[in-house]
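Undergrad: Input: one structure, supplied below.
The values are calculated or read from the model by the stated rules, or taken from the named source; none is laboratory data. Being a predicted model, the structure only gives us computed values, none of them experimental. Glycine also receives a Cβ, built like all others from the backbone with ideal geometry; neighbour counts cover every protein chain displayed.
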Amino acid sequence: MAVRRASHSGSWYSDSAKELNKQLGTWLNNADLSHGPARAIIAPRRVFILGPSHHVRLGGCALSTAVKYHTPLYDLRIDTQVYSDLEASNLFEWMNISVDEDEHSIEMHLPYIAKIMEDYKDSFTIVPVLVGSLSAEKEAVYGRVFSRYLADPQNLFIISSDFCHWGHRFRYTFYERSWGEIHQSVQTLDRMGMDAIESLDPAAFTDYLKKYGNTICGRHPIGVLLQVSSIF
């Protein structure tokens, strides 16, 4: 029964449970709160985490061979029943533990999930999915697969992504001078991408990427979620 190590702890974030818990508590307490007319809150039973593949070429989506993901706070259990259902679609492959531990896109969200869900740690599971370089057609296919899960209010979806990676090392130096300095141009470019995402229109986001070529690493997981959202 494989347990995925927290392979980026100790370098990308603290491997000390005490220190990490303190840091997360501080950051979460300092975050802005959005107040609404909520009269009840239901903690999710499952948390889907869709992350882009940075290290292996992947033409579809892959599932983990682990049964648990370790974090310095506590281990997160993978929902093996959902994994079995996804495998039955014949649309998913399996990533070995080495590939899993090399990738950071999913892991970087786990400490936050563990902290926020600490009062429910025995009553929720995670569904990590590594997303490859998908065509718009494939994004739509996976969107249909995940739509049944998004329709369930007991499920939560998290999409892992950075936005613009700018500079010669990323082979991306788009600069619109009318938008101001380089950092202002990048900020405007990213804001346009966020607006396209918030529209929940997959075509709008695809057109934006085609026009500007912004180096959003999570563009395919985002594309899958937009396809899911367009179904409702």
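Undergrad: Within region 133-169, take every residue that is under 15 Å from residue 53 (Cβ atoms) and touching a Pro at 6+ places or on another chain (Cβ under 8 Å) and give me the one that is surrounded by the fewest Cβ atoms within 10 Å (Cβ to Cβ).
TA: 161
Undergrad: Has region 23-45 got at least one residue that is among the basic types (Lys, Arg), in a strand (DSSP E or B) and in contact (Cβ under 8 Å) with a residue 40 or more places away in the chain?
TA: No, that holds for no residue.
Undergrad: Additional query: Would you please name the residue that is nearest to the chain's Cα centre (by Cα), looking only at residues in region 139-180 that are free of Cβ contacts under 8 Å to residues at least 40 places away in the same chain and part of a helix (DSSP H, G or I)?
TA: 148
Undergrad: Suppose the filter is assigned by TED's automatic domain parsing to the domain that holds residue 109 and closer than 21 Å to residue 122 by Cβ; does residue 4 pass it?
TA: It is false that residue 4 is assigned by TED's automatic domain parsing to the domain that holds residue 109 and closer than 21 Å to residue 122 by Cβ.
Undergrad: Just name the residue that is nearest to residue 60 (Cα to Cα) out of those in region 102-123 that are outside any helix (DSSP H, G or I) and of a type in the set (Asp, Glu).
TA: Only one residue fits best here, namely 103.
Undergrad: Look through region 174-232, keep the residues that are among the polar types (S, T, N, Q) and farther than 20 Å from residue 139 by Cα, and return whichever of them is surrounded by the most Cβ atoms within 10 Å (Cβ to Cβ).
TA: 185
Undergrad: Of the conditions (1) outside any helix (DSSP H, G or I); (2) more than 15 Å from the chain's Cα centre (by Cα), residue 126 satisfies every one except a single condition; which number is it?
TA: Tallying (1) outside any helix (DSSP H, G or I); (2) more than 15 Å from the chain's Cα centre (by Cα), residue 126 fails exactly one: (2).
Undergrad: Looking at region 181-222 only, could you name the residues that are closer than 22 Å to residue 54 by Cα, in a helix (DSSP H, G or I) and in contact (Cβ under 8 Å) with a residue 40 or more places away in the chain?
TA: Correct list: 206, 219, 220, 221, 222.
Undergrad: Also, I was wondering about something else. For region 1-22, name all the residues that are assigned to a loop (DSSP other than H, G, I, E, B) and either exposed (fewer than 14 other Cβ atoms within 10 Å of the Cβ) or modelled with pLDDT under 95 (or both).
TA: Residues satisfying the conditions are 1, 2, 10, 11, 12, 16.
Undergrad: Here is a list: 99, 56. Which entry is part of a helix (DSSP H, G or I) and either farther than 25 Å from residue 28 by Cβ or at pLDDT below 95 (or both)?
TA: 99
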